[in-house]
Structures are given as structure tokens and as C-alpha cells.
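Let me begin by presenting the structure, written as C-alpha cells, before commenting on it.
Every read-out reported here was derived from the displayed coordinates using simple, explicitly stated rules and does not represent laboratory data. Nothing here was measured: the structure is a model prediction, and the numbers come from that model. Methodologically, a virtual Cβ is constructed for each residue, glycine included, from the backbone with ideal geometry; neighbour enumeration extends over all protein chains shown.
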Amino acid sequence: MSKAKRLMELMMVINRKRRFTVKELAEEFSVSSRTILRDLQELSELGVPLYSEVGPHGGYEVLNERVLPPIAFTEEEAVAIFFTVHALRHFSALPFQAESSSVNHKFYSYMPEDVKERIDQLKNRFDFETPMRPLATPYLPTLLDAAIKQNVVSIEYETSQEKTKREIQPIGVYARDGFWYCPSYCFLREDMRLFRCDRITYVTEQTTNNPLNFRHVHLGNWQSYMKQERNVLDFYVELSQDGVQRCVAEQWLKPHLHIRQDGSGWLEGPFPESEVPYFSYYFIGFGHDATVKQPVQLVTLIKKSLRELLSKYNGEKEGLPQKSF
């Protein structure tokens, strides 16, 4: 085996192992211990972060910041990865902000000049639009790490109505419409809850509750583990073609959305009664593209909200100065 090939395979082997000894590697590659020591020295100089311990139980360990072995990409694959990471710039915060910038810098720096020119042209002709929200979300890495490790964290959560302290076990984090969300099990409410990350003002790992086994719960199914509210109302909302398209973009509405052949449709299903105020403002925003048929409570609240809105603008109209000619 050539030295170059041995170094490549050695890098892959030590990245798979947590700890190893020179003797183990020498036996695996059928070379002398002295050869392995020279190879490890070369890998260290190339940037592989190795840590050695002396003594009878000593050996080598690859630190957490280990360098992955080289991976060959085609030009199209490299461009695709570049723009996937490039699109993340629209977010004011990321769980891996510095790392994403570093990845793109490395990709761009080592590309041939003709590929760089192609990327420069594409930058002004291709993008993923995401609303940029000027909201601080400094705890994204902590929340994501807790979700991966199944840890409990203590948070301070602030809304327009209240500020609470509670312990949660995050399921994951995801972005939608420029906002970051963290579905979690809330020990205060003893149920799954959805937290907006910019409203989390403080996080600490000092907690009193032990983690629960939620390894089977993820972003795709966490809502099915929410306790069903006792007070549930049946909703029915007629939708125009444009109304259907707006609902298609909402993941939480998809199970209740029905589409006709002409592109119009309707929403039908049970929803918690506590969500009636939210749905009132939500469907008013649809204008003529949504007509709420039931429940009666929602129809009544929409009428009340529209009367108040009309009264507000009628009052302003009456107070306007008259134009003189």
C-alpha cells in the first residue's frame, strides 16, 4: 500500500475510533509502530487534532474538533453545497453560524477560477427567499444540543402577557417564515409545547427534573404526543384557490386541508377551543379567500373583530378635516 493511500485510510480509521494505540494501528495496517508514529505526526501537521496520553493505559485520542477525511465533489455538487449554505445568510441567527460561514469560505477559496466566476454570476440570479427577522436568538446551539443529547434545560420565556420560568426538554429546532421554533416537553405544563426561540431570554443547564425518554419523538411527529384538550370544536372553512395555496404552506394545517379538482378547497377538523382567538385574526387576514362556516364561536368573534375594525376607521374618517375649494 502506498504511503498516500495509507495516510488516507489512517485518517478515516482514527476518525471512526474514539481512542486507539499505536500498536493497534500498526497491526491493522501491517506496518511497524515507528511507521505509524511518523504517519500520525504527518496527520497532526495536516491539522488532525490528536491528543496523546502516556503510561500503561495511554494512547491517542482524536479531539472533538477532528478533521474529516477529504471528500471528492463534482463541480455541480460543490456549487449545490455552496448555495445551500449561502441561503442561510438570510437568518439573523443559526445554531452553527460561524461554521456555515467557514464552510463557504473554504469551498469558494479552493475552487478553480472558472467555477468561482460561475458562482459569482449565480449569486445575483439564484436565491432562497426567507424573511430576515431582527430578533435575537442566542440560545439556538444550546437548545439543539439539548435536543440531541436528550437533556433538560431551564429557561425564562417571555410573551406579551407574561414572563415565566420553566424546565423543558427540547425535541429540536426549526425555522419558519424567518422565526426559529423549539418544540419541547414542558415540565410546568406536563405536555408538549411550541416555544418561539426569540422569546427565550435565558437558558441554563441547572435543572431539577430528570430527562424523559423521547428518542422516538422528533420534529415530524411531536404534535401527536400533545395531550388532547377536552374542549374541542369542529372547524369548517371554505377556501378559494388562493386560500388553498396559503394553507398548503402551513405544515400544521395539511392534515385538515382538502383540495377540489378546480383548486379550491376547505379546512375541516377538530381544533382546541382555546385557539379560537388566534383563528379569528388568522382567517380575517385571508380576506375573501376564506369563509368560516363553523364553529359558531369563531364566526361570532370574527364579526365582532370586524365591527371593531370598521368602527375604528369610521371614527378616523369622521375626524378628518374637510377640504375647502
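Applying a threshold of 22 Å to the alpha-carbon distances of LYS254/LYS293; LYS3/LYS23; LYS149/LYS227; LYS227/LYS254 flags LYS149/LYS227 as lying beyond it. With the charge dipole of the chain set up from +1 on Lys and Arg Cβ and -1 on Asp and Glu Cβ about the Cα centre, the Cα lying farthest toward the positive end among the listed residues PRO170, GLN41, ILE284 is that of PRO170. If you run the Gaussian network model on the chain, springs between alpha carbon atoms under 10 Å, then out of LEU43, LEU188, LEU257 the most flexible one is LEU43. Spin-label pair ARG19-ARG196: with each label point 7 Å from Cα along the Cα-Cβ axis, the two points sit 4.8 nm from one another. If the chain linking VAL115 and GLU250 were pulled fully straight, counting 0.36 nm for each residue of separation and taking away their Cα-Cα distance, it would gain 44.9 nm.
Between GLN223, GLN169, GLN241, the residue with the greatest mean-square fluctuation in the GNM of the chain (Cα pairs under 10 Å linked by springs) is GLN241. Computed from phi, the 3J(HN,Hα) profile of the range 256-268 under the Karplus parametrisation 6.51, -1.76, 1.60 (θ = phi - 60°) reads 10, 9, 10, 10, 7, 5, 7, x, 7, x, 7, 9, 8 Hz, with x in place of Gly and Pro. Each label point was placed 7 Å from the Cα along the Cα-to-Cβ direction; for GLN223 and ASN210 their separation is 3.3 nm.
Magnitude of the Cβ-charge dipole of the chain, K/R +1 and D/E -1, about the Cα centre, nearest 20 debye? It works out to roughly 400 debye.
LEU233 sits among other residues whose Cβ lies under 9 Å from its own Cβ, and their net charge, with Lys and Arg +1 and Asp and Glu -1, is -3.
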